[in-house]
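Report on the following structure.
The values are calculated or read from the model by the stated rules, or taken from the named source; none is laboratory data. These numbers come from a predicted model, not from an experiment. So basically every Cβ, Gly included, is an ideal-geometry build from the backbone, and we count neighbours across all protein chains shown.
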Amino acid sequence: MKNLISKRSKELSKKMIKSICILKNTFWKYGLESQLKWFKKYIKPEDIHNMIIQNDRLIGYTCLRYQKAKATSFRNYLLFDTLIIEKSFRNKKLSYALMNLNLKKIKKEKKVSFLKCNDKLVEFYSKFKWIKLKKKNFKIVNGHCKNGMIYNLKIKNNLEFFNFWIY
């Protein structure tokens, strides 16, 4: 049986954090210790972790991280960070269930959300009403990305400029 759950960082057990890092390491192969250090350094107590659990096993995960932006219409936003489904469970539409949970949480928090992605994923996120920003309309202050997409913000003609700090 599959369960969708959502928890704040401060509600996660050490065992669940380790499960998240193990799942992330199946795709981003930096090693478990590196994943755990990254989690400890960058994940804040109020960040939101959306998960799919099957038989007490984590098989899907996303994180919505609180961040700052310099924009005329908003100051804080949720960084959509990490979408991963365990390899043996891919192509079963589980990412759709996880994405719908993310959208509900973003709306409930009354925040704008931003994500970075490669060209292959723009079409996928567009299915969920994410809007691709033109390169000239956003800047990652402390990094870079191929594509920036935004959710839960009405943009008129893509004219606004956004600075995103990602920690």
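Considering the range 141-167, the residues that are modelled with pLDDT of 80 or more and part of a strand (DSSP E or B) include one that is surrounded by the fewest Cβ atoms within 10 Å (Cβ to Cβ), namely N147. From the list C21, C63, the lone residue that is buried (at least 18 other Cβ atoms within 10 Å of the Cβ), more than 27 Å from N152 (Cβ to Cβ) and within 15 Å of the chain's Cα centre (by Cα) is C21. Within the range 90-100, the set of residues being in contact with a Lys or Arg (Cβ under 9 Å, 6 or more places away or on another chain) and surrounded by fewer than 18 Cβ atoms within 10 Å (Cβ to Cβ) comprises Y96, A97. The residues of the range 2-37 that are touching a residue at least 24 places away in the same chain (Cβ under 8 Å), more than 20 Å from M99 (Cβ to Cβ) and in a loop (DSSP other than H, G, I, E, B) amount to a single one, L12.
Here is the figure for the range 48-85: residues that are touching a Phe, Trp or Tyr at 6+ places or on another chain (Cβ under 6 Å), over 15 Å from L115 (Cα atoms) and either β-branched (V, I, T) or not in a strand (DSSP E or B) (or both) total 2. Residues of the range 111-122 that are in a loop (DSSP other than H, G, I, E, B) and either touching a Pro at 6+ places or on another chain (Cβ under 9 Å) or under 14 Å from C145 (Cβ atoms) (or both): N118 alone. I'd like to check something: does the range 78-85 contain any residue that is buried (at least 19 other Cβ atoms within 10 Å of the Cβ), more than 30 Å from N137 (Cβ to Cβ) and in contact (Cβ under 8 Å) with a residue 12 or more places away in the chain? Within the range 78-85, one or more residues are buried (at least 19 other Cβ atoms within 10 Å of the Cβ), more than 30 Å from N137 (Cβ to Cβ) and in contact (Cβ under 8 Å) with a residue 12 or more places away in the chain.
Of the residues making up the range 38-57, those that are within 19 Å of the chain's Cα centre (by Cα) and either over 15 Å from S9 (Cβ atoms) or touching a residue at least 60 places away in the same chain (Cβ under 8 Å) (or both) are Y42, I48, I52, I53. Answer yes or no as to whether Y125 is closer than 15 Å to N152 by Cα, not basic (K, R) and not in a helix (DSSP H, G or I). So Y125 does not fit the description; no.
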